[in-house]
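The values are calculated or read from the model by the stated rules, or taken from the named source; none is laboratory data. As the structure is a prediction and not an experimental result, all values here were calculated from the model. With ideal geometry, Cβ positions are generated from the backbone for all residues, glycine too; neighbour counts draw on all protein chains shown. These area figures cover heavy atoms from the full protein model, side chains too; ligands, DNA and RNA do not enter into them. Shrake-Rupley method; radii C 1.70, N 1.55, O 1.52, S 1.80 Å.
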Amino acid sequence: MNNSKVQGKVHKYGDNVDTDVIIPARYLNTSDFKELAAHCMEDIDKDFINRVNTGDIMVAEANFGCGSSREHAPIAIKESGITCVIASSFARIFYRNAINIGLPIMECPAAALDIKADDEVAVNFDTGEISNITTGKKYQAEPFPEFIMAIIDRGGLVNYVRAMQK
């Protein structure tokens, strides 16, 4: 990623979006990341994969990524082109899995509740500032600690560890 800022169009969801909705269990028999992305969100938003563009941002409300601990869920989101997920709160295992695969996620209840579908949003990972370009509103999330940003910049924990061993 090597970028501390992203900007994109918002895809908005509500509370308790679980990993079974993010990537339905019927697709868990593949290790092809593009195949997972092709089915991302299809049980809750059939047209998501046709609307999403590289650089877009996903916004959800409370308890995003609840349910099973499958890492397929953040992989499907990242591979679909989403560059950041903003939510009021995340299930802890989803949070860890997202960072482990290099998907930036930001907790910010005010932004998650206020931002609407199709808004244009910018996120600065260094400062934690979330800007709604559409409305002009700004929100403050916790910026990533340096070590987490390093994991994200390298595309995930495995790549980070490999780089540290060189």
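Here are a few things to note about the model shown:
- Cα-based radius of gyration of the range 1-58 once divided by 2.2 N^0.38 Å, which approximates compact folds: 1.22
- Using a probe of 1.4 Å on the protein chains alone, the accessible area found for L113 is around 100 Å².
- E35 accessible area, assembled protein chains, probe 1.4 Å, Å²: 80 Å²
- Over the chain, Cα pairs under 8 Å with separation of 6+ residues give a relative contact order of 24 percent.
- Positive-pole candidate from L103, F147, I93, dipole of the range 63-156, charges at beta carbon: I93
- Rounded if a/c under 1.5, otherwise prolate or oblate - the range 51-121, Cα gyration tensor axes: oblate
- Surface analysis of the range 1-115 yields an accessible area of 42 Å² per residue, using protein heavy atoms and a 1.4 Å probe.
- Using a probe of 1.4 Å, the accessible surface attributed to D32 totals some 80 Å² when neighbouring protein chains are kept in position.
- Per-atom-type breakdown for the range 11-166 gives carbon and sulfur 51% of the accessible area (1.4 Å probe, protein chains only).
- The candidates R96, R26, R154, R70, arranged from most to least accessible area with a 1.4 Å probe in the full protein assembly, appear as R96, R26, R154, R70.
- Cα gyration tensor shape for the chain, rounded if a/c is under 1.5, else prolate or oblate: oblate
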